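Here the structure comes first, spelled out in structure tokens, and everything after it is commentary.
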């Protein structure tokens, strides 16, 4: 089992015909860290939709003439995927496209519904036929169903939000409008910016706005619906403040790029703060502090600042290898670890090393990294983790579906320390999570089991992709 993040979404609305596919392409490149399994783009050319999506990285899927084959348009929506509901296949690539009597629709989704199985069952009993195993198709069905009696697509989206439960940041494209919405809890980030008069972009993270030269305007509020049309931008807030905000705290610890800001909080600053806390709560005599690339580097810098122990580059990452955390399958994941990192002997040989990483899931990767440093001559290795121990499944977009796979559920910290081969181990205290963002408005259910919504704990995430022998 691996842990994965869910997806990244990107949308462009322009009042004039332009190469919107190029903008989405570069936006998705900036969001590639959020999903490396598949990607897709749908372009709207005066109401006609043109799409291409496939398994692979952005540069692979849109290599050759694929990007040039898109026509100019005034809208486009794109998606990078790691699926937390639904398996790795082309049929689950997004954006999902729908044709119905009220017009076309394309939808890109970041997050995970906690009531997807219940909704899908109800829809199937009314005759709905599903072509994918992704919960995004369930969202598409709900919106389409509501559209039949709603006066507008944005009203259909609003009515759907009364039915959907869980995490969803959406970009929805109709023939004439682009709609962005964020669930009432604000589990997943979503923001928008402006390139020029009449050209706006929507993205999962602010770093993607910078990548296309867009000026950041603001994050969407939890529950907000933004409608982009030739009439301008309309903000609908009927779902705002209906729930307590619960942004995923792991966005700040691991998922997001450090140059992004989420709800006004710098990801880089939050990670450095985690390092400060680790240095205060788990001090150690050492010669050098190093971080595991990439999301452990900021926390390592913070640990160094607070402790006064020099910061060093102790691990080098092969930049052509993706994030192992987002790689499907344990066998593939182990193979990637073998070639992804190498130790800098000059930094660690003969030294007492503080090794900072963002998490320990099974302990496999951590043990491998510790061995790398031992082989490079490290005298002592003191591991510090910028998150609390994973103890519970996540139902909102992080692919933690079973406690039996989590090392912290089975072993004590001294036992884990021995298993990974470290000299000591310290986690970020759970009660300090709010200090990272100076707020208590976050979800930490994977650490404490306090779920903001009702969850179906007895339904496996691969329910619709099990072999007959696996089904219960």
Boolean, residue 317 is surrounded by 20 or more Cβ atoms within 10 Å (Cβ to Cβ), modelled with pLDDT of 65 or more and either under 21 Å from residue 56 (Cα atoms) or in contact with a strand residue (DSSP E or B) (Cβ under 8 Å, 6 or more places away or on another chain) (or both): no
Selection status of residue 235, more than 16 Å from the chain's Cα centre (by Cα), more than 30 Å from residue 344 (Cα to Cα) and in a loop (DSSP other than H, G, I, E, B): no
Failed item, numbered, when residue 395 is tested on (1) within 26 Å of residue 272 (Cβ to Cβ); (2) touching a strand residue (DSSP E or B) at 6+ places or on another chain (Cβ under 8 Å); (3) not in a helix (DSSP H, G or I): (1)
Breaking point among (1) surrounded by fewer than 24 Cβ atoms within 10 Å (Cβ to Cβ); (2) in contact with a helix residue (DSSP H, G or I) (Cβ under 7 Å, 6 or more places away or on another chain); (3) at pLDDT 95 or above; (4) not in a loop (DSSP other than H, G, I, E, B), for residue 336: (3)
Scope segment 55-84; condition in a loop (DSSP other than H, G, I, E, B) and touching a strand residue (DSSP E or B) at 6+ places or on another chain (Cβ under 9 Å); matching residues: 56, 57, 62, 66, 67, 69, 70, 71, 72, 82, 83, 84
Residue that is surrounded by the most Cβ atoms within 10 Å (Cβ to Cβ) [pool: residues in segment 11-27 that are in contact with a strand residue (DSSP E or B) (Cβ under 6 Å, 6 or more places away or on another chain) and in contact (Cβ under 8 Å) with a residue 60 or more places away in the chain]: 12
Subset of segment 1-14 [over 11 Å from the mean Cα position of the chain (by Cα) and modelled with pLDDT of 95 or more]: 10, 11, 12, 13, 14
Selected residue [surrounded by fewer than 24 Cβ atoms within 10 Å (Cβ to Cβ) and in contact with a helix residue (DSSP H, G or I) (Cβ under 8 Å, 6 or more places away or on another chain)] from 102, 91: 102
Residue among 176, 211, 156, 150 that is under 21 Å from the mean Cα position of the chain (by Cα) and at pLDDT 95 or above: 211
Index of the failed condition, residue 123 passing every other in (1) touching a helix residue (DSSP H, G or I) at 6+ places or on another chain (Cβ under 7 Å); (2) surrounded by fewer than 19 Cβ atoms within 10 Å (Cβ to Cβ); (3) touching a residue at least 24 places away in the same chain (Cβ under 8 Å): (3)
Counted residues, segment 194-208 - those being modelled with pLDDT of 95 or more and farther than 25 Å from residue 238 by Cβ: 6
Exclusive hit being in a loop (DSSP other than H, G, I, E, B), buried (at least 22 other Cβ atoms within 10 Å of the Cβ) and either in contact (Cβ under 8 Å) with a residue 40 or more places away in the chain or in the same structural domain as residue 161 (by TED's automatic domain parsing) (or both), set 187, 228: 187
Residue list for segment 398-428, restricted to those being in a loop (DSSP other than H, G, I, E, B), under 23 Å from the mean Cα position of the chain (by Cα) and closer than 15 Å to residue 384 by Cβ: 428
Members of segment 252-283 that are touching a strand residue (DSSP E or B) at 6+ places or on another chain (Cβ under 6 Å) and not in a loop (DSSP other than H, G, I, E, B): 278
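Results for (1) over 26 Å from residue 16 (Cβ atoms); (2) in the same structural domain as residue 170 (by TED's automatic domain parsing); (3) outside any loop (DSSP other than H, G, I, E, B), shown as yes or no for each residue.
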position	(1), (2), (3)
104	no, yes, yes
117	yes, yes, yes
120	yes, yes, yes
130	yes, yes, no
141	yes, yes, yes
144	yes, yes, yes
Unmet requirement for residue 70, which otherwise passes all of (1) closer than 24 Å to residue 256 by Cβ; (2) surrounded by 22 or more Cβ atoms within 10 Å (Cβ to Cβ): (1)
Flag if residue 309 is more than 24 Å from the chain's Cα centre (by Cα), modelled with pLDDT of 95 or more, more than 26 Å from residue 451 (Cα to Cα) and outside the structural domain of residue 359 (by TED's automatic domain parsing): no
Only listed residue being assigned by TED's automatic domain parsing to the domain that holds residue 428 and surrounded by fewer than 17 Cβ atoms within 10 Å (Cβ to Cβ), chosen from 287, 259, 298, 294: 294
Selection count, segment 359-375, where residues are farther than 22 Å from residue 298 by Cβ and touching a residue at least 40 places away in the same chain (Cβ under 8 Å): 5
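The values are calculated or read from the model by the stated rules, or taken from the named source; none is laboratory data. Just so you know, these numbers come straight off a predicted model, no measurement behind them. Because the Cβ atoms are built from the backbone with ideal geometry, glycine has one as well, and the counts that use them run over all protein chains shown.
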